[in-house]
Amino acid sequence: MVLAQAFTLIGKAVRSLRNLAARLSSDRGGNVVMIFALVMPALIMITLGGIDINRITTVKARVQDALDAAALAAARSSHTDPVKLREVAVVALRANLRNASVEPFADSDVKIQLTKDQVVIVDLRVQVKTLVANIVLPPYGKLLDDTLPVNVHSEVNRSSKDIEVSLVLDITGSMSTNNRIGDLKNAANQLIKLVVQPPEKQTPYYSRMAIVPYSIGVNLGSRADAARGPSSAATSITGAVWAAATSKPITAITRASPGVVTANSHGLATNDYVWISGVSGMTQINNAAYRVVRVDANRVSLQYKSGANWYALNTTSANGYSSYTSGGQIRKCLREDCFVTVTSKNHGLSLNEGVLITGVNGMTALNTTNSGLYEVFERTSSDAFVLPIGGAVYADYTNSGTVQCGRDGCVKRVFRDAQYNQLTVFDQSTCVSERTGPQAYSDATPTSSTYVGRNYPAIVRSSPRSAGNPCPSATLQPLTSNVGTLTNLVNGLAVTGSTSGQIGLAWGWYTVSDQFNGLWSSNTAAAYAPTKVLKAVILMTDGEFNTPYCGGVVARD
């Protein structure tokens, strides 16, 4: 087509020159003939040279388009080595220059480089054969060479980015309905294959994915402590006592106001506190703490406490007391309430905190009463505390035992179930719950003041009745480019528990945040740089979030 246009232009030029020559030859002025003879070769050169210049301009535009396409192809590739980039560019360049009016060129004529700013720069110099400018016009000689050079230049800014995607997957109980979990697995596996490129395509830009399965929380496995902080373990018990002396046998109790107890050589003084147990007949007096008024070395009268005051104990029949028949023990107490004081160095307990007592020898009732669950009645020092139990059923302590704190942050959570008004104990899991406090809605690095919440899941039990709400077994997978690791995790997911989607979403964010890199040993998230890395969190769920927390335990409201 280019040749046809050129011959058409040449034909027009020749006809124009012929007409001009005819007009000049008919002119009878000598000066005109002389001028014509001098100007004619220059006019011919200008006319024919313009044809070649027009043709070269057209060819250059095509070469420029071809080089732009080649630069784009190189930029879209994953290569960073100039040799590999040239290979990609040359293939595209030659394909786009097929049948173009350019002289053959070598691959090495294509100059290509990748700058530190990820700009692909390509330069090319080709030769274009002239059609008419190489004609010899005496006495001027050749107008131009047989070929003319064409220089083209192209630059492409690679707009690709590193990709970090967190896939947050709902594996709660409702996902078992209508095979929703199966649909979720299929969709997740398809997404993994779309996002995560094979190893040979992980440069110059990587694509990685994290998987965050969630139900009542997110299971961090061995990483849990790094996110929620260390857990407070049990402390050793070195003493437990409620009595200040050995017991004395009771031989008589009067039915009077006040009632008088006979216990030979009792050793008591006025305002001492005692515990009475084991009395037959007047059983109403058993298992209670009293204050005494010394009558003599063998007798004391009793007082009971009401509010802040002490009053004489009326043991008459009118007050509902039966006659004493036999037996009984009276024993001096350390405290007016005869409660047990436990010694445990640096126990760290607070008033009303739930605790679990185990392993005590001698005073074994501490281990079994209420399954060993208590609330701290009084914190007497950093090494001692009082439990709201005591009396003759608690034998003398001999050795051993531990006390496990029950507040949020301990290995076990001991709390009073408001619905049943009963102390309950839950074990800590490796799941985590939502973060509270000023950094609740940020991705601040977990520290002593910004740890995330703990999870104490409900267990299956008959009293108080609970169907259980366990921590899911599937653990969080940090960012990775290993497709097999990701698909194996997805395919092994099992449904369980209620829906804490807010926790799943939070950890989706955390896995692509460089603020949480301290939790991962490898494949850490890149720093926030919107022009260099794309970060995304994708949630797959079937319903609303219905599981809030209070102090590490799923709240009723």
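Numerical summary
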| read-out | value |
| --- | --- |
| Whole-angstrom gap from the range 375-410 to the range 538-557, using each part's C-alpha centre | 35 Å |
| Cut-off 14 Å (backbone N to label point 7 Å along Cα→Cβ of Q439), residues of the range 213-235 | 226-230 |
| Estimated FRET transfer efficiency when R0 is 60 angstrom, pair Q202-S382 (beta carbons, to 0.05) | 0.60 |
| Proximal charge balance of I163 [Cβ under 12 Å; K/R count +1, D/E count -1] | +3 |
| Sequence of Y311, Y549, Y456 once ranked by neighbouring C-beta atoms within 10 Å, starting from the fewest | Y311, Y549, Y456 |
| Gyration tensor over alpha-carbon atoms, the range 243-332, equivalent ellipsoid semi-axes in Å | 17, 16, 12 |
| Gain upon complete extension [T147, K129; 0.36 nm per residue less C-alpha separation] | 6.1 nm |
| Cβ crowding within 10 Å averaged over residues, with 88-95, 403-410 ranked highest first | 403-410, 88-95 |
| Violating pairs (Cα-Cα greater than 30 angstrom) within the set K248/K305; K248/K412; K185/K535; K193/K412; K111/K201 | K248/K412; K193/K412 |
| Local net charge near R454, Cβ-Cβ under 14 Å (Lys/Arg +1, Asp/Glu -1) | +2 |
| Virtual spin-label span in nm between D65 and S498, 7 Å along Cα→Cβ | 6.7 nm |
| Among (1) 106, 63, 53; (2) 66, 59, 55; (3) 170, 46, 35, the entry derived from the coordinates for Cα extents along the principal axes in Å | (3) |
| Added length on full extension, which subtracts the Cα-Cα distance from 0.36 nm per residue, R76 to D162 | 29.6 nm |
| Contact order normalised by residue count of the range 243-332, Cα under 8 Å, 6+ apart, percent | 42 percent |
| Mean Cβ neighbour count within 10 Å, used as a protection proxy, ranking 354-366, 515-527 highest first | 354-366, 515-527 |
| From phi via Karplus (6.51, -1.76, 1.60), per-residue ³J(HN,Hα) for the range 99-115 in Hz, x at Gly/Pro | 6, 7, 8, 10, 6, x, 9, 8, 4, 5, 6, 8, 9, 9, 8, 10, 7 |
| Zone of Y528's modelled label, taken as backbone nitrogen in the range 494-515 under 14 Å from a point 7 Å along Cα→Cβ | 509-515 |
| Charge sum, other residues only, whose C-beta stays under 9 Å from W275's C-beta, Lys/Arg counted +1 and Asp/Glu -1 | +2 |
| Packing-based exposure ordering (other Cβ within 10 Å, fewest first) of H153, H266 | H153, H266 |
| Cα→Cβ-extended label distance, 7 Å offset, between N179 and A233, nm | 4.9 nm |
| The chain: relative contact order as a whole-number percent, Cα under 8 Å and 6+ apart | 16 percent |
| Packing rank of 500-506, 257-263, where each peptide gets the mean count of other beta carbons within 10 Å, highest leading | 500-506, 257-263 |
| Length released on extending from S257 to N319, taking residue separation times 0.36 nm less the Cα-Cα span | 21.4 nm |
| Cys with no candidate disulfide partner in the chain (beta-carbon separation under 4.7 Å rule) | C550 |
| Distant-in-sequence amide H partners of L334 (H built 1.01 Å from N, under 5 Å) | A243, A244 |
| FRET efficiency estimate (nearest 0.05) - Cβ-Cβ, S280 to N309, R0 45 angstrom | 0.90 |
| The range 502-545 residues near the modelled T485 label - backbone nitrogen below 12 Å, point 7 Å along Cα→Cβ | 520-525 |
| In nm, spacing of pseudo-spin labels at C550 and R416 (7 Å Cα→C-beta vector) | 1.3 nm |
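Each value in this text was obtained by applying a stated rule to the coordinates, not by laboratory testing. Fair warning: this is a prediction, and the values are worked out from it, not measured in the lab. Every residue, glycine as well, gets a Cβ built from its backbone with ideal geometry; the counts of neighbours run over all protein chains shown.
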